[in-house]
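To keep things clear, I will list the structure first and then write my remarks on it.
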2 protein chains.
Amino acid sequence: MTVLKKSEVKRAALVKATINLVNNQGFHAAPMSKIAKMANVSPATIYLYFENKQDMINQVYKEVKAEYVAFAFETFKDDLSVEDGFELVWRRMAKYKLDDIEKGFFLSQCENTPMIDVESRQEGVKNLAPLLDLWDRGIAQDIIKPLSHHLLYAFSIYPLAFLLNAHKRGDFKITNTHLNDAYQAAWASIKK
Amino acid sequence: MTVLKKSEVKRAALVKATINLVNNQGFHAAPMSKIAKMANVSPATIYLYFENKQDMINQVYKEVKAEYVAFAFETFKDDLSVEDGFELVWRRMAKYKLDDIEKGFFLSQCENTPMIDVESRQEGVKNLAPLLDLWDRGIAQDIIKPLSHHLLYAFSIYPLAFLLNAHKRGDFKITNTHLNDAYQAAWASIKK
DNA sequence: AATAAAAGAATAAACATTCATTTTTTATGG
DNA sequence: CCATAAAAAATGAATGTTTATTCTTTTATT
């Protein structure tokens with residue numbers, strides 16, 4: 001087990017508290033004082049780790065996004081077929097978000113709000129490069145529709161965010177069957 | 001031309017200002033004072049039309065959502081085939097959001113945040129009943145995959161929100177070709 | 001003993017909401 | 001059609017809280 005320096009423990013608690021509060025109350029109702037309290041830390045301590053609230057939310061977003069994509073591609077190998085590669089990555093993405101609903105939901109929420117700075121968002125998107133490469137390979141091989149990355153993303157990856165929200169709200173329980181159906185729908189929408 | 005009572009004019013200006021500010025700064029950075037200024041109205045006037053900020057955002061959401069669905073189904077007829085009916089409604093939804101990007105983006109933003117009250121969200125969802133009926137018809141006729149409404153929505157309608165956001169941010173311009181491609185992808189994901 | 005990390009209390013600005021007046025609209029009687 | 005009084009709508013300024021952030025002191029680490 002890795003031993004964390006004290007400071008890393010506190011920082012992690014702050015990140016976790018931020019995600020939780022933003023998820024459940026919204027950014028507007030997640031004051032620094034509450035975040036500090038939830039992380040068992042003094043408000044002043046936050047400013048040892050983050051410049052200000054905006055910097056905090058940006059850092060949290062970038063970290064979670066990077067972790068998410070790293071997880072999704074962890075077991076990916078270049079010699080997989082496009083279809084197998086896509087399925088693998090898609091399922092890892094789903095797994096990441098379902099195994100840590102809070103982080104998954106946080107990412108969803110960040111997709112649509114002006115909460116995150118433009119630069120941070122762009123940096124978050126950069127992480128997706130391996131997926132875009134995979135799609136390009138698929139397009140070259142005539143397996144995937146020759147569409148803009150935006151369209152491919154919108155129809156194959158983005159829908160997960162909706163399902164996750166419904167799941168977290170309790171409107172809808174994502175079962176294994178649903179997950180399989182969802183994967184089929186994702187693939188059907190982008191395959192040639 | 002319908003003549004509006006003075007009050008309806010002011011209320012409409014407030015709604016518009018709210019949508020604009022929430023879209024561009026986020027709920028947390030849309031103070032009542034700014035909303036009032038943008039609507040050319042005194043802050044106190046807001047409270048003649050809305051109970052408080054939360055009530056305001058809920059009302060705005062419900063109104064826009066109702067208008068959106070009404071528009072989408074305006075030209076719908078029960079005697080259309082499932083496929084034609086779906087295409088019609090899908091395209092009307094896209095048209096509504098593209099013709100009024102601000103409202104369209106506002107709706108997208110509302111899908112993922114705890115900004116809107118649970119009850120208001122549920123009321124907004126109720127409007128979609130005709131679409132769910134259409135899907136059920138399609139399922140009964142073996143034209144549409146027998147999936148949960150949540151899945152059908154996630155893959156066929158929800159992706160528009162992503163495209164609209166990218167469009168509004170300037171990352172991506174939705175052309176007619178894109179729109180056709182998007183419709184094809186939407187249909188491919190839900191058709192049997 | 002020196003340095004770094006953390007804390008609680010203090011500060012100043014921003015905020016949602018209300019209050020006391022003023023302006024505008026509506027209704028009424030000549 | 002007008003004058004005017006009552007009612008409604010709208011306002012700017014005030015209120016009391018809440019907020020992000022900083023300051024000074026205390027505690028922990030080196």
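Things to note:
- Some residue of the range A:93-105 being touching a residue at least 60 places away in the same chain (Cβ under 8 Å), in contact with an Asp or Glu (Cβ under 8 Å, 6 or more places away or on another chain) and more than 16 Å from DNA strand D (Cβ to nearest atom): yes
- All positions within the range B:138-159 that are more than 9 Å from chain A (Cβ to nearest Cβ), polar (S, T, N, Q) and not in a loop (DSSP other than H, G, I, E, B): none
- Among the residues of the range B:8-25, those identified as more than 14 Å from chain A (Cβ to nearest Cβ) and free of Cβ contacts under 8 Å to residues at least 12 places away in the same chain are B:8, B:9, B:12.
- Residue match in the range B:41-53 (condition: hydrophobic (A, V, I, L, M, F, W, C) and closer than 30 Å to residue A:116 by Cβ): yes
- Restricting B:116, B:190 to residues that are at the interface with chain A (Cβ under 10 Å from one of its Cβ atoms), open to solvent by less than 20 Å² (accessible area, probe 1.4 Å) and touching a Ser or Thr at 6+ places or on another chain (Cβ under 6 Å) narrows the list to B:190.
- Single unsatisfied condition, residue B:46 versus (1) within 21 Å of residue B:107 (Cα to Cα); (2) crowded, with 17+ Cβ neighbours inside 10 Å: (1)
- Of the residues making up the range B:8-20, those that are open to solvent by less than 70 Å² (accessible area, probe 1.4 Å) and either more than 9 Å from DNA strand D (Cβ to nearest atom) or not basic (Lys, Arg) (or both) are B:12, B:13, B:14, B:15, B:17, B:18, B:19, B:20.
- Filter result for residue B:23 (polar (S, T, N, Q), within 19 Å of the chain's Cα centre (by Cα), more than 18 Å from residue B:157 (Cβ to Cβ) and more than 16 Å from DNA strand D (Cβ to nearest atom)): yes
- Among all positions in the range B:110-118, there is at least one residue which is touching a Cys at 6+ places or on another chain (Cβ under 6 Å), of a type in the set (Val, Ile, Thr) and within 21 Å of residue A:106 (Cβ to Cβ).
- Test: residue in the range A:26-43 that is outside the structural domain of residue A:173 (by TED's automatic domain parsing) and in contact (Cβ under 8 Å) with a residue 60 or more places away in the chain: yes
- Check on residue B:61, under 30 Å from residue A:168 (Cα atoms), assigned by TED's automatic domain parsing to the domain that holds residue B:160, in contact (Cβ under 8 Å) with a residue 40 or more places away in the chain and more than 16 Å from DNA strand D (Cβ to nearest atom): yes
- For the range B:13-115, the helices (runs of 4 or more DSSP H) that sit wholly inside it and include 2 or more residues that are within 12 Å of DNA strand C (Cβ to nearest atom) and modelled with pLDDT of 95 or more are B:32-38, B:43-49, B:53-73.
- Members of the range B:128-184 found to be over 21 Å from residue A:174 (Cα atoms) and among the charged types (D, E, K, R), listed by number: B:133, B:137, B:142, B:168, B:169, B:171, B:173, B:181
- Unique residue being of a type in the set (Asp, Glu), open to solvent by 50 Å² or more (accessible area, probe 1.4 Å) and in contact (Cβ under 8 Å) with a residue 60 or more places away in the chain when the list is B:51, B:87, B:67: B:87
- Within the range A:165-184, not a single residue is open to solvent by 60 Å² or more (accessible area, probe 1.4 Å), at the interface with chain B (Cβ under 10 Å from one of its Cβ atoms), in contact (Cβ under 8 Å) with a residue 12 or more places away in the chain and not in a helix (DSSP H, G or I).
The values are calculated or read from the model by the stated rules, or taken from the named source; none is laboratory data. Here the structure is a predicted model, which is why all the values come from computation and not from measurement. Don't worry about glycine lacking a Cβ; one is built from the backbone with ideal geometry, like all the others, and counts go over all protein chains shown. The accessibility values were calculated without ligands, DNA or RNA, using every heavy atom of the protein model including side chains. Shrake-Rupley method; radii C 1.70, N 1.55, O 1.52, S 1.80 Å.
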